[in-house]
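Chemist: Structure in structure tokens, see below.
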Amino acid sequence: MSESTEPSEQPADAEFPRRRSRALVIILVIAVVVVLADQLTKLWATASLQVGVYHSLIGNLLGIQLIYNSGAAFSFLVDQTWVFTIIAALAVVALLYFSRRVGARSWAVAFGLLLGGAVTHLGDRLFRAPSFGQGHVVDFIAYANWFIGNVADIAIFCGAVLALILAVVGVPLRGGPRHTHGDDSARIAD
């Protein structure tokens, strides 16, 4: 029985370097697109909007309101900006490290979204006012008077949701055939 499963697993492992190369390209392209979209929209927001002035897009559900955020979502740890600089740096390093293990295109999309969001948040924390490492993130998308975010936040949220879905449905990080419990029980029944 083990002889029949080994040949089918060998080609999958032999294909991993090629899948990984494609996945790394996807990760980097998506990350660059996220960084560019985030930074360009922040450039627009800082040039076009006044701090604190709300502009409705869809009633009270969605609007535009420029703020400079020294904390996290929901104004969490507002005076601890350096904490978020360290967290963003660690997230970037971890995503880059684990990106080497990605072979599935779907996981590459998730990693690209997360990496792009983390890189742009790190850039804001490092290079925006008031000082190096303590920069305030530009937020301008107001969600129903609940919180105000930006394009990087959307990318991080979508990347995290996608990663959760992929993990729950069992998509292998390395790509290749999906191994499910149903397949194991079928083999045992044979």
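Chemist: With a 1.4 Å probe and every protein chain left in place, work out the accessible area per residue of region 14-152 in Å², rounded to a whole number.
Modeler: 53
Chemist: What FRET efficiency comes out for the pair Ala89/Ala160, r = Cβ-Cβ distance, R0 = 22 Å, nearest 0.05?
Modeler: 0.75
Chemist: Could you work out how much longer the chain between Val169 and Ala144 gets when fully extended? Use 0.36 nm per residue separation minus the Cα distance between them, nm to one decimal.
Modeler: Gain on extension, Val169 to Ala144, equals 5.8 nm.
Chemist: Using a 7 Å offset from the Cα along the Cα-to-Cβ direction at both Val51 and Phe127, what is the distance between the two label points in nm, to one decimal?
Modeler: 2.1
Chemist: Say each of Leu61 and Phe16 gets a label point 7 Å from the Cα, pointing the same way as Cα to Cβ; how far apart are those two points in nm?
Modeler: Placing both labels 7 Å along Cα→Cβ, they lie 4.6 nm apart.
Chemist: Could you sort 116-123, 56-63 so that the peptide with the highest average Cβ count within 10 Å comes first and the rest follow in order?
Modeler: 116-123, 56-63
The values are calculated or read from the model by the stated rules, or taken from the named source; none is laboratory data. The structure displayed is predicted, hence computed values, not measured ones. Reconstructed Cβ throughout: ideal geometry from the backbone, glycine too, with neighbour counts over all protein chains shown. All accessible areas refer to the heavy atoms of the entire protein, side chains included, with ligands and DNA or RNA removed. Shrake-Rupley method; radii C 1.70, N 1.55, O 1.52, S 1.80 Å.
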